[in-house]
Amino acid sequence: MGLKIYEYKNCDTCRKALKYLDQRQLPYQKFPIVDSPPSRAELKQMLAHLKERGQGLKNLFNTSGEMYRELKIADRLRDGLTEKEAIDLLAQNGKLIKRPFVLSEKSGTVGFKSEVWEEIF
């Protein structure tokens, strides 16, 4: 599979992440997260990686996004949105997914924190 990065071209954080990968000459495949969101299987794989680091379902969501607020996802998560329902929502709408969304054979993360990336990649 190699390194896959789902990004949004107008996202400063995504640009920083791509610059990080380029500076380290790490090969990757880039996908537009809105037009081609990660598959359900990739979302489940990412959730497993996040859980290994003590994170959870909420960490998959772009909590600062307009759609997150419009759909009242915070309330739905608090009221018991199931993992399956969340994965279905995310797979259908890339704007809901925290970006960049980076996945490899062995690991994955969302967002860009250089210290986390140093550990993973």
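Every number in this text was worked out from the coordinates using simple rules, so none of it is lab data. If you're wondering where the values come from, they're calculated on a predicted model, not measured in any experiment. Cβ: placed from backbone, ideal geometry, glycine included. Neighbour counts: every protein chain shown.
Relative to the first principal axis of the alpha-carbon coordinates of the chain, what is the inclination of helix 40-52, with its axis defined by its Cα atoms, in degrees from 0 to 90 and to the nearest 10?
Relative to the chain, helix 40-52 is tipped by roughly 80 degrees.
Using Cα atoms only, what is the angle between the long axis of helix 12-23 and the major principal axis of the chain, expressed in degrees (0 to 90) to the nearest 10?
With both axes taken from Cα atoms, the answer is about 30 degrees.
Exactly which GluC sites (Glu not before Pro) in the stretch 12-121 are in a DSSP loop and have at most 10 other Cβ atoms within 10 Å?
Working: sites: Glu42, Glu52, Glu66, Glu70, Glu83, Glu85, Glu105, Glu115, Glu118, Glu119; in loops: Glu105.
Passing sites in the stretch 12-121 are Glu105.
Using a basic spin-label model with each label point 7 Å from the Cα along Cα→Cβ, how many nm lie between Tyr20 and Glu83?
According to this spin-label approximation, the distance is 2.6 nm.
Please provide three numbers in whole Å: the alpha-carbon extents of the chain along the principal axes, with the largest listed first.
43, 29, 24
Quick check: residue separation of Ser39 and Lys95 times 0.36 nm, minus the Cα distance between them. What number comes out in nm? List each step's numbers first, then the result.
On the way: separation 56, 0.36 × 56 = 20.16 nm, distance 1.38 nm.
Net length gain for the segment: 18.8 nm.
From the helices alone, meaning DSSP H stretches of at least four residues, give me the mean residue ellipticity at 222 nm for the chain, per-run term -39500 (n - 2.57), in deg cm²/dmol to the nearest 500. It would help to have the intermediate numbers written out before the result.
On the way: 6 runs with 53 residues, N = 121.
That comes out to -12500 deg cm²/dmol.
Over the stretch 4-120, what relative contact order in percent results from Cα pairs under 8 Å that are six or more residues apart?
Details: 145 pairs, mean separation 42.4, N = 117.
Worked out over the stretch 4-120, it gives 36 percent.
What do you get for the angle between helix 83-92 and the principal long axis of the chain? Use alpha-carbon atoms, 0 to 90 degrees, nearest ten.
Approximately 60 degrees, to the nearest 10.
Computed on alpha carbon atoms, what radius of gyration and Dmax characterise the stretch 51-121, expressed in Å?
12.7, 35
I want to check the label-to-label distance for Leu71 and Phe121. Put each point 7 Å from Cα in the C-beta direction and report it in nm to one decimal.
With each label point 7 Å from Cα toward Cβ, the separation is 2.6 nm.
If you take every residue apart from Gly111 with its C-beta less than 13 Å away from the C-beta of Gly111, what net charge results, scoring Lys and Arg +1 and Asp and Glu -1? If you can, show how the numbers build up before the last one.
Numbers: positive: Lys16, Arg53, Lys58, Lys98, Arg99, Lys113; negative: Glu7, Asp12, Glu115.
The answer is +3.
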